[in-house]
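Student: Take this structure first; my questions come after.
Read-outs throughout are calculated quantities, based only on the coordinates presented, and are distinct from any laboratory measurement. Fair warning: this is a prediction, and the values are worked out from it, not measured in the lab. FYI the Cβ positions are ideal-geometry reconstructions off the backbone, even for glycines, and counts take in every protein chain you see.
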Amino acid sequence: MPNAYISGTGFFVPPRRVTNDDLKTQYGLETTHDWIVQRTGIEERRYADEGVGSADLGLAAAERAIAAAGIAKTDLDMIVFATLSPEHSFPGSGVYLQQKLGLCDGPNAKFVPALDVRNQCSGFLYALGTAASMVQSGACKHVLVVGAEVHSAALDLSTRGRSVASLFGDGAGAVIVSATDEDRGIRTWKLGADGRFADVLTQRIWDIRKRPFIPANAEGVGQVAPEMMWAQMDGKLVFKNAVERMMTVLMEACMAHGISGQEIDLFLFHQANLRINQFIQERLGIPDEKVLHNIQRYGNTTAATLPILLAEAVESGRLKRGTKVALCSFGSGFTWGAAIVDW
Ligand code: ACO
């Protein structure tokens, strides 16, 4: 059985910076820089322009990851796309990315499977586990895994929505998961979910059980109430569960790999809230030099946080051959995951 390793990483964030003060001055949210920084650590985030979708951001990240892996686009055997902000309800972003990569026409045509993963903040680790399994089984040699989000279009950027809107930003990260006979790679991964909390963090948009699924006016134009249109969250319950589940799944992954937490060189946590990660770090006694954060600059980019962190860690030289890295996330569902990778 081949090992599955990450042969290339890439990320892309849109150029437009939106600071906490911009939320107040440009969008009219009643908030302050200090309120947001004290509770979340976020100083600014990026917003994509109108006309840009998750597959567009994913494309830029994917092209960088493909180049870093030293492969051609036509070497890809599968695309796994994690997002909670696909262009449309269906089809998913994976097929749009396949088109944008130029894999659907001309001499490069390669109709590889494109799988969309809908596990929100844990989406990247669910996608990574899937890609690793495809590679280890021998079904694929190179799998493109993308986490990409355009949140800015679907945030309630008013004071009513400030507790959610101030947290999220746009961005994309990508990795190539490849087969190798070398003694390295994705050693273990653990995933979990608890559907009892499915309604605690949701963006419903519609209710398919209703007739019609979106109430419509006499002209047939759909009307979506604010509580359906925008994400709803019980922030304190999310915080408490995130801390507990991330610590547990991290320890489970270490146990499955037969190592202690001290043997890990670098911890990359999902960037939902700096305070969540600092709490975990303190409880597990992880020194500052073993943890990287970028939430200050990008906010919560959901499925994209971990691949962006990975790509930045490679770029800065913090992640290199032989580094033992732990990845950990938690999000809506609730869902969570952890992975241990020998780089
Ligand atoms: N600026 C100013 N005031 C605000 C803001 C804001 N951006 N947002 C909320 N407030 C106000 C609220 O309206 C409320 O005012 P009120 O008392 O007059 O009603 C007050 O601040 C307190 O609101 P809470 O929601 O109780 O604030 P809390 O201390 O819980 O902090 C926060 C909110 C930061 C969201 C926190 O609960 C949290 O971080 N939870 C974790 C959730 C998370 O990270 N979710 C990300 C998505 S899930 C994931 O990726 C894991």
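Student: Between Ser137 and Met255, what is the FRET efficiency for a Förster distance of 25 Å, r being their Cβ-Cβ separation, to the nearest 0.05? Write down the numbers at each step before the final one.
Tutor: Numbers: r = 24 Å, r/R0 = 0.96.
Using R0 = 25 Å, I get an efficiency of 0.55.
Student: Once label points are set 7 Å from the Cα along Cα→Cβ at both Met233 and Arg184, what is their separation, rounded to one decimal in nm?
Tutor: In this crude spin-label approximation the distance works out to 3.6 nm.
Student: Please report Val143, Val200, Val175, Val37 as a ranked list, fewest other C-beta atoms within 10 angstrom at the top and most at the bottom. Before the final figure, lay out the partial values.
Tutor: Details: Val143 28, Val200 17, Val175 33, Val37 14.
The most exposed by this proxy come first: Val37, Val200, Val143, Val175.
Student: Now, a different point. From largest to smallest, what semi-axes in whole angstrom does the range 253-343 give when each is the square root of 5 times an eigenvalue of its alpha carbon gyration tensor? The partial results should precede the final answer.
Tutor: Working: eigenvalues 70, 53, 34 Å².
The three semi-axes for the range 253-343 are 19, 16, 13 Å.
Student: Where in the range 23-55 is the amide nitrogen less than 20 Å from a point lying 7 Å along the Cα-to-Cβ axis of Glu282?
Tutor: Only 34-43 fall inside the zone, counting backbone N under 20 Å.
Student: What percent does the relative contact order of the chain come to when contacts are Cα pairs within less than 8 Å and at least six residues apart? Don't skip to the end; give the middle numbers.
Tutor: Numbers: 814 pairs, mean separation 88.9, N = 343.
It rounds to 26 percent for the chain.
Student: Here's something else I'd like to know. Given only helices, namely DSSP H runs of n ≥ 4 each adding -39500 (n - 2.57), what is the per-residue ellipticity at 222 nm of the chain, to the nearest 500 deg cm²/dmol?
Tutor: Working: 11 runs with 109 residues, N = 343.
Result for the chain, helices only: -9500 deg cm²/dmol.
Student: Still on this model: Send over the semi-axes of the chain's equivalent ellipsoid, whole angstrom and largest first, taken as the square roots of 5 times the C-alpha gyration tensor eigenvalues.
Tutor: Details: eigenvalues 185, 129, 70 Å².
Ellipsoid half-lengths, sorted descending, are 30, 25, 19 Å.
Student: Over the range 157-304, calculate the relative contact order: mean separation of alpha carbon pairs under 8 Å at least 6 apart, over the residue count, as a percent. Show your work: numbers first, answer last.
Tutor: On the way: 122 pairs, mean separation 45.0, N = 148.
Relative CO of the range 157-304 lands at 30 percent.
Student: Let me confirm the definition first: pairs of Lys residues in the chain, 8 or more apart or on different chains, C-alpha distance under 18 Å. How many are there? Kindly include the intermediate steps, with their values, before the conclusion.
Tutor: On the way: Lys73/Lys100; Lys73/Lys110; Lys73/Lys141; Lys100/Lys110; Lys110/Lys141; Lys190/Lys324; Lys290/Lys320; Lys290/Lys324.
Qualifying lysine pairs in the chain: 8.
Student: Turning to a different aspect of this structure: Using just the Cα positions, wrap the range 3-182 in a convex hull and report its mean projected area in square nanometres, one decimal place. Working shown, then result.
Tutor: Details: hull surface 44.7 nm².
Across all orientations, the range 3-182 yields a mean hull projection of 11.2 nm².
Student: Would you mind calculating the gained length between Trp35 and Ala109 on full extension (0.36 nm times residue separation, minus the Cα-Cα distance), in nm to one decimal? Mind dumping the intermediate values first?
Tutor: On the way: separation 74, 0.36 × 74 = 26.64 nm, distance 5.06 nm.
Gain on extension, Trp35 to Ala109, equals 21.6 nm.
Student: Here is a further query. Return a whole-number percent for the relative contact order of the range 3-182, with Cα pairs under 8 Å and 6 or more residues apart as the contact set.
Tutor: On the way: 393 pairs, mean separation 64.0, N = 180.
Relative contact order for the range 3-182 comes out at 36 percent.
Student: Translational D (Stokes-Einstein, µm²/s) of the range 237-289 at 25 °C and 0.890 mPa s when Rh comes from the Kirkwood sum over C-alpha pairs?
Tutor: Values: Rh = 11.6 Å.
After rounding, the answer is 212 µm²/s.
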